[in-house]
Amino acid sequence: LESGYLKITQENENGEMVTLAMRTPGQICGLCELLAEQRFYTRYAFCLTDCVVYVLSAELFNKFLDKHPKVWQQLCKLMSQRLIESQHYMYVLTRLTVPKRLCWLLKKFAVEKGTTMSTSIPLTHEEMAHLIGCSRQKVTGFLNAWREEGLIRYERKRVEILQPDELFAVLDAI
């Protein structure tokens, strides 16, 4: 992914799309399917913003790996990092309350802007809800409460965190 933001999704048995991961500029997607030699894809990448994506066929990728065996070491490292991230994500989803999960998500995608922080990925309340396993109404309710407390400001898929230390204090233990 050269530029832009992607979400990786999978359809559940009810036909709803479940967000599994987010990809940011510089990241690679489709590696699991490629390395496992899956012919049918069950996961899909959707652009959240305008994206520039480079595509490489499995055949060319495998030829590249044959010519550059040291790349395997980097791929193993990358896949191990993603496994650790997935395990932490499972912990967040199964052990944290909804407001803590929402704080975790905001912190994960926040970038510093002076004394405040702002989310780097444009996400709707529904997309946030899909990422943290709750309803859109709960996300909206917590964001509204935090806005009234002066902790955040949000508009048009962006959240500005006005008091990051105070908002993220609940995450210090995880």
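Within the stretch 83-118, being loosely packed, with under 12 Cβ neighbours inside 10 Å, assigned to a helix (DSSP H, G or I) and among the β-branched types (Val, Ile, Thr) holds for Ile84, Thr94. From the list Glu11, Glu33, Glu37, the one residue that fits, being more than 14 Å from the chain's Cα centre (by Cα) and farther than 28 Å from Ile132 by Cβ, is Glu37.
Considering the stretch 125-135, and only residues there that are within 15 Å of Ala21 (Cα to Cα) and open to solvent by less than 60 Å² (accessible area, probe 1.4 Å), the residue that is nearest to the chain's Cα centre (by Cα) turns out to be Leu131.
Of all residue pairs spaced 6 or more apart or on separate chains, none has beta-carbon atoms under 8 Å together with a first member in the stretch 113-128 that is on the phi > 0 side of the Ramachandran plot and at pLDDT below 85 and a second member that is surrounded by 14 or more Cβ atoms within 10 Å (Cβ to Cβ) and not aromatic (Phe, Trp, Tyr). Taking residues in the stretch 25-48 that are closer than 14 Å to Leu78 by Cα, and partners anywhere that are outside any helix (DSSP H, G or I) and of a type in the set (A, V, I, L, M, F, W, C), the pairs with Cβ atoms closer than 6 Å and at least 6 places apart or on different chains are Gln27/Leu1; Cys29/Ala45.
In summary, Lys138 fulfils each of the numbered conditions (1) over 30 Å from Leu35 (Cβ atoms); (2) at pLDDT below 95 with the single exception of condition (2).
Could you check how many residues of the stretch 127-174 are in a loop (DSSP other than H, G, I, E, B) and of a type in the set (A, V, I, L, M)? If you could, list the steps in order and put the result at the bottom.
Applying the first criterion (in a loop (DSSP other than H, G, I, E, B)) to the stretch 127-174 yields 133-135, 149-151, 156-157, 162-163, 172-174.
Imposing the further condition that a residue be of a type in the set (A, V, I, L, M) reduces the set to 151, 162, 173-174.
Result for the stretch 127-174: 4.
Checking each residue in the stretch 136-163 for being closer than 22 Å to Thr97 by Cβ and open to solvent by 50 Å² or more (accessible area, probe 1.4 Å) picks out Arg136, Gln137, Lys138, Phe142, Arg147, Glu148, Glu149, Gln163. A count restricted to the stretch 61-82 and to residues that are surrounded by fewer than 10 Cβ atoms within 10 Å (Cβ to Cβ) and outside any helix (DSSP H, G or I) stands at 1. Scanning the stretch 40-60 for residues that are modelled with pLDDT of 90 or more, surrounded by 13 or more Cβ atoms within 10 Å (Cβ to Cβ) and not in a strand (DSSP E or B) yields Cys51, Val53. Checking each residue in the stretch 10-20 for being in a strand (DSSP E or B) and either without any contact (Cβ under 8 Å) to a residue 60 or more places away in the chain or open to solvent by 50 Å² or more (accessible area, probe 1.4 Å) (or both) picks out Gln10, Glu11, Met17, Val18, Leu20.
The values are calculated or read from the model by the stated rules, or taken from the named source; none is laboratory data. Quantities reported herein were computed from a predicted structural model and do not represent experimental measurements. Every residue, glycine as well, gets a Cβ built from its backbone with ideal geometry; the counts of neighbours run over all protein chains shown. Heads up: the accessible areas ignore ligands, DNA and RNA and are worked out on the full protein's heavy atoms, side chains in. Shrake-Rupley method; radii C 1.70, N 1.55, O 1.52, S 1.80 Å.
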